[in-house]
Amino acid sequence: MNNTTPLDGGTLRRRLADGETTVGTFVGMASSTAAEVCAAAGADWILLDLEHGSGSEDALRDGILAAGAYGVPTVVRVESGERIRIGRVLDQGAAGVMVPRLDKPDQVADAITHLAYPPHGDRGVATYNRSCRWGMDRSVLLAEEQAALGVIQIETLAALDAVDEIAAQAGVDVLFVGPLDLSFALGVPLQFDSPVFTAALGRVLEAAHQHGKTAGILAANAALAAGYVELGFRFVAVGSDSTLLAAALTDAFATARPEQTT
């Protein structure tokens, strides 16, 4: 049997559990070509965004394969923590799931349950999908531990207040700060150098450290990303396909145009 596969098989989860720092980017343009370019550029992972991105679950079919061809795993931000949403993403071959807008530990516990097959969780059991190699590999159904990376966003005041309880849960691998939402929730919109915001980051980092989990965050650019890595964040996204393209083109056009004189 040919064992070549674009599937991650839990590798990303193990890398983070071993303390490795990883850097990726969000892909929201619903383009498998964009996913491939991000993977080819050296991302440790890409995150296909179904919450704020342009596409639907259809974008996963080719996007996961495009990144996987370069050995790069795909994490998917789902629209909600519903069982059907998480299950469909994992069946497509995603290496992990990011769940937004969860405020309470019991909501997190419910969502995390959907990441694993029984008896460890309540993920629907089926084999005619990519995650089981279309029925040719049923070993994943009997795995002793969860293979899918569980990423929970910390982006509301309620989630921040409960961050220690959230971090303590088995199956939660990454506490991921949504900086825009969190800054607005804290009353300091877009003020990422505010003492209030930096104190909140410290709370997330401490909870991750205390429970042996990974802290993650989205950075608008490479310089901010490097600063977050220095603080201790180990799952760091540098912008998105659309924002990085827009920034590069804006700079290129400005550089190429002759100076205007009046």
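The values are calculated or read from the model by the stated rules, or taken from the named source; none is laboratory data. Everything numeric here is computed off the predicted structure, so don't read it as measured data. Using ideal geometry, Cβ is built from the backbone for each residue, glycine included, and neighbour counts are taken over all protein chains shown. Areas reflect the complete protein model, heavy atoms only, side chains present, ligands, DNA and RNA absent. Shrake-Rupley method; radii C 1.70, N 1.55, O 1.52, S 1.80 Å.
Can you give me the distance in nm between label points at residue 168 and residue 110, each placed 7 Å from the Cα along the Cα-to-Cβ direction?
Going from the residue 168 label point to the residue 110 one covers 2.1 nm.
For segment 55-111 and segment 151-189, compute the distance between their C-alpha centroids and round to whole Å.
Spelled out, the Cα-based centre of one part sits 18 Å from the other.
Solvent-accessible area per residue for the chain at a 1.4 Å probe radius, Å²?
49 Å²
Using a 1.4 angstrom probe on heavy atoms only, work out the carbon and sulfur share of the accessible area of segment 8-254 in %.
Looking at segment 8-254 in its full context, I get 56 percent from C and S.
Calculate, in whole percent, how much of the Cα-Cα pair population of the chain lies beyond 34 Å.
Of all Cα-Cα pairs in the chain, 16 percent lie more than 34 Å apart.
Got a sec? Which residues in segment 77-120 would a label at residue 139 touch, if it sits 7 Å along Cα→Cβ and we count backbone N under 20 Å?
Zone members listed by number: 91-96, 116-120.
With each label point set 7 Å from Cα along the Cα-Cβ vector, what nm distance links residue 84 and residue 157?
That separation, rounded to one decimal, is 3.4 nm.
Along the Cα-to-Cβ line of residue 33, 7 Å from the Cα, sits a label point; which residues in segment 223-262 have backbone N less than 16 Å from it?
The answer is 241-242, 245-246.
Per DSSP H run of n ≥ 4, the term is -39500 (n - 2.57); total these for the chain, divide by its residue number, and report the mean residue ellipticity at 222 nm rounded to 500 deg cm²/dmol.
-11500 deg cm²/dmol
Rank 64, 89, 108 by how far each Cα sits towards the positive end of the charge dipole of segment 52-134 (+1 on Lys, Arg Cβ; -1 on Asp, Glu Cβ) and give me just the farthest.
64
Over 12 Å apart: what share of the alpha carbon pairs of segment 213-262 falls there, rounded to a whole percent?
Value for segment 213-262 (Cα pairs over 12 Å): 68 percent.
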